[in-house]
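Below is one structure; the comments refer to it alone.
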Amino acid sequence: MTTHRRLKFSAAIALTAGMLAACVGGNNQSGGGGTPPPTLNDLAVSVDSGPAAAPGQVNHAYVTIKVCATGSQTQCATIDHVLLDTDSTGLRLVRSVLTAAGVTLGGATDAQGQAIEECVTFGSGQVWGPVASADVTLAGEVAAALPVQIMDDSGAGAPPPPTCGAGGTLINGVSGMGANGLLGVGVFAQDCGAGCVNAAAPLPVYFGCTAAGACSAENMALATQVTNPVAMFATDNNGVIVDLPNLINANGDASVQGQLLFGIGTQSDNMPPATGLNVLGTDAQGNFTATYNGGTGVLPAVIDSGTDSYAFNDPAIATCSSGPFVGYYCPAVAPLNRFAVNMGVGANSATSTVNFAIADPNSFVAKAVAFADLAGGGGSSTFTWGMPFFYGRMVYVGIEQRAAGAYTGPYFAY
Amino acid sequence: MSALWVAPAHAALGGGEASVRADANELGGAISVTLLQQYDILKIATAGGMRVREFLSRTGVVFAVSWSGPVVPDLQRLLGAHYASYAQALAALQRPGLQRSLRIGLPDLIVEVGGHLRAYLGRAYLPALIPAGTSASDLR
């Protein structure tokens, strides 16, 4: 287990440790002096091999959440191995996992009384299933009546329209996701945003589905779109900080423990440093820009805990043709050093050069789950700072239109 | 009902100019054309922010397509007959799960997908049909 911490934010960490000590046993009533105790805003993050039904994951950061049917104290479940994703918005849970836990969430309906279902594309596939309402608890924070998506791996709802998951490209299930769900805590409050509210031709994202299972794309008001739970918290609702330690072994660690902090600059444990923070504002699409290795291409870029590697395209680097990482980069001489220059968009216009290394993943230790220098053959149109970027950093994700001190979201920072 | 998910009648990638017209029709977009020495670029843009470019060779074959927009266009339609091998390659990924940025490199087909809800980007091309003197990096 990786337990050492970086020293850079030692003051904040000391405070965190103090808070944790005060919170042992779930009791954080030690504030005293008549001041209400701070809300417990610290959720454990674990990088491990994944849910029992889908072992063998690498660079997957998981959290455990509590979900209840809205308004219920009994229709509740604790769900582990929910993938932490800083580049999507909202909570999505696998239906068969909810069913096994005995929880039925109330489905959302549109003005015509039809079930609302959603299709969302990730690079490697699509998820499909109904929108439902849930009371979600993350550490001590509660998002009540949160619109979430149920990823319908059991086909209990309407079948997807022909373009959603065509040719077997649905990744709805635990094995498809490598997780029991997805916790999207990105820079937006709602997943689709204004583009889905009043389009002349509704985007094929939200659908109204008849009881017979016929679905048509329809517009969706912001309040009923799948929503970032953090944005609905009573406090600590302006963003999150992902805090993972440096790895110990270049060839992979067997487990990593870190934390997800809710709020930025709202409590003693989530104060950004006074100087030295690189704040990268994003555009309305959630991207800042990156230029890779001195090239001329200005690529839309994100910091994405849902991606297992640095994902970009460099035809000069060989890809692995054998071993457990086919398709990832296997540089002929490893480690291969590269860099990219990040630039913020709008008011938060920091420029930051990030050096990184690419290892030969065939040198990784079998059964290790966390690798610092894993790079993948991504598309050439984007640059994705995946999980390796998070090791040894505090990564801030600021939600749109929410202020944290001098900074207003949407932004990524580190 | 959205026109984006009507079953494809024509293949774009590997198809001819008529298939581009059909795509524009399905997307509800207008076509503008840029004539280049080696190929033409047929650009489809919709009011909803979808941008699709289809690259038409001098022999009248669409050898590349690219897209950007708030959602992914209907790839079954855009990739045409090549969609099946793309879907097969996705299913065969050694590390399945959520991969936000992906390059599928098959001997006769390259597909690159990336982005997230509100902003997807991608392209697909048939390497054997790229005109001489044209670089894959031009196909955007």
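Here, each number is a calculation from the coordinates, and none is a lab measurement. None of these values were measured; they are calculated from a predicted model. Ideal geometry is used to build each Cβ from the backbone, glycine not excepted, and the neighbour counts take in all protein chains shown.
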| field | Efficiency of FRET from Cβ geometry, A:ALA406 and B:GLN88, R₀ 41 Å, rounded to 0.05 | value | 0.25
| Calculated P(r) tail over 12 Å for segment A:94-153, as whole % of Cα pairs | 71 percent
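Grab the beta carbon distance between A:VAL298 and B:THR34, set R0 = 22 Å, and tell me the FRET efficiency rounded to 0.05. Spell out each step's value before the answer.
On the way: r = 21 Å, r/R0 = 0.96.
According to the calculation, E is roughly 0.55.
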| note | Quick numbers on chain B, Rg and Dmax over C-alpha atoms in Å, give 14.3, 43
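Can you tell me the length gained on complete extension of the stretch A:PHE339 to A:VAL326, counting 0.36 nm per residue apart and subtracting the Cα distance?
Details: separation 13, 0.36 × 13 = 4.68 nm, distance 2.31 nm.
This chain segment gains 2.4 nm when fully extended.
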| said: Considering the Cα positions of chain A, please state its Rg to one decimal place and its Dmax as a whole number of Å. | reply: 20.9, 63
| According to the Kirkwood expression over distinct Cα-Cα pairs, how big is the hydrodynamic radius of segment A:96-236, in Å? | 15.5 Å
